[in-house]
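The values are calculated or read from the model by the stated rules, or taken from the named source; none is laboratory data. Treat the numbers as computed from the prediction; the structure is a model and nothing was measured. All Cβ positions, even for glycine, are placed from backbone atoms using ideal geometry, and neighbour counts span all protein chains on display. When the accessible area is computed, the model is the full protein with side chains, heavy atoms only, and any ligands, DNA or RNA have been set aside. Shrake-Rupley method; radii C 1.70, N 1.55, O 1.52, S 1.80 Å.
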Amino acid sequence: MGPSKIAGLLGVPARAAMLWALAGGEALPASELAYRAGITCQTASYHLARLVEARLLTVEPCLRYRYYRLASPEVAHLLEDLMALSGPPPLRDRADRAVVDRLRLARSCYDHLAGGLGVALTDALDCQGWIELSERDYRVTPCGDAGFSGLGIEIPVLRRQPRLFARRCIDWSERRPHIGGAVGAALMERLQALGWIRRERATRVIRVTPRGRRGLWDTFGFGTK
């Protein structure tokens with residue numbers, strides 16, 4: 001697509017606002033992009049389809065949602081250059097920010113960990129070579145087989161379960177992936193059994209215990225609040 005057509009696409013304020021909302025590398029659903037840009041979901045869907053067609057955005061399905069992100073670092077650089085000249089477009093903040101803040105540090109997502117804790121744990125598993133990306137989900141490496149076993153999780157048993165093995169889920173608050181499926185569920189169950197985390201009664205909020213802070217640091221090399 002030529003420069004003039006790209007300029008025409010970005011000349012629409014709603015499109016520029018939605019692209020700028022994604023400039024931090026997050027993946028967001030159409031409903032939130034519509035809210036941030038101050039337009040209806042129907043209008044946002046039209047604009048997003050144009051941006052995907054122009055290869056400025058990519059779309060990734062996750063359960064019943066479709067998440068959008070910038071298609072490449074080059075698109076991010078283009079946005080930076082444009083906004084340096086014109087200034088960033090106005091964006092609305094989330095209306096439910098107070099509720100989100102209570103959940104984004106750590107929470108349960110069905111039967112696995114999500115929020116900042118779930119994403120940090122997934123990043124640590126990846127950095128230590130326990131898991132690696134395989135198409136759109138994760139696979140456990142031979143190193144991970146040994147690591148999980150040392151933690152008390154037997155990967156061969158999980159492989160035989162009739163469910164997704166190591167699902168890559170996009171976290172709705174962090175907008176980055178966390179691990180779900182049988183592996184994610186086993187991790188959450190094991191961390192609870194070890195006394196590293198506990199769930200607040202009648203909520204999805206997860207709290208990391210003092211023992212858990214030590215265990216997470218010793219085992220995975222990251223700390224929590």
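Where does the chain land at 222 nm, in deg cm²/dmol rounded to the nearest 500, when only DSSP H runs of n ≥ 4 count, each adding -39500 (n - 2.57), divided by all residues? Kindly include the intermediate steps, with their values, before the conclusion.
On the way: 11 runs with 111 residues, N = 225.
Calculated mean residue ellipticity at 222 nm is -14500 deg cm²/dmol.
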Original post:
Accessible area per residue of the chain at 1.4 Å probe, in Å²?
Top reply: 53 Å²
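Extension gain residue 23-residue 6, at 0.36 nm per residue separation less the Cα-Cα distance, in nm?
Values: separation 17, 0.36 × 17 = 6.12 nm, distance 1.66 nm.
Taking 0.36 nm per residue and subtracting the Cα distance, the gain is 4.5 nm.
What is the extension gain from residue 204 to residue 123, computed as 0.36 nm multiplied by their sequence separation minus the C-alpha to C-alpha distance, in nm to one decimal?
Answer, rounded to one decimal: 27.0 nm.
So how much slack lies between residue 85 and residue 146, counting 0.36 nm per residue of separation and subtracting their Cα-Cα distance, in nm?
Working it through step by step, the gained length comes to 16.7 nm.
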Original post:
Taking springs between alpha-carbon atoms closer than 10 angstrom, which of 180, 87, 147 fluctuates most in the Gaussian network model of the chain?
Top reply: 87
Original post:
When only DSSP loop residues count, what chymotrypsin sites (Phe, Trp or Tyr not before Pro) in segment 140-225 have their Cβ near at most 15 other Cβ atoms within 10 Å?
Top reply: 222
Subject >> Given (i) -0.27, -0.52, -0.63, -0.86; (ii) -0.36, -0.64, -0.74, -0.92; (iii) -0.23, -0.44, -0.53, -0.74, the label whose value is log10 I(q)/I(0) by the Debye sum over Cα atoms at q = 0.08, 0.11, 0.12, 0.14 Å⁻¹ derived from this model >> reply: (ii)
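For the pair residue 213 and residue 161, what calculated FRET efficiency results from E = 1/(1 + (r/R0)^6), where r is the Cβ-Cβ distance and R0 = 35 Å, to the nearest 0.05?
Values: r = 30 Å, r/R0 = 0.86.
With R0 = 35 Å, the Cβ-Cβ based efficiency is 0.70.
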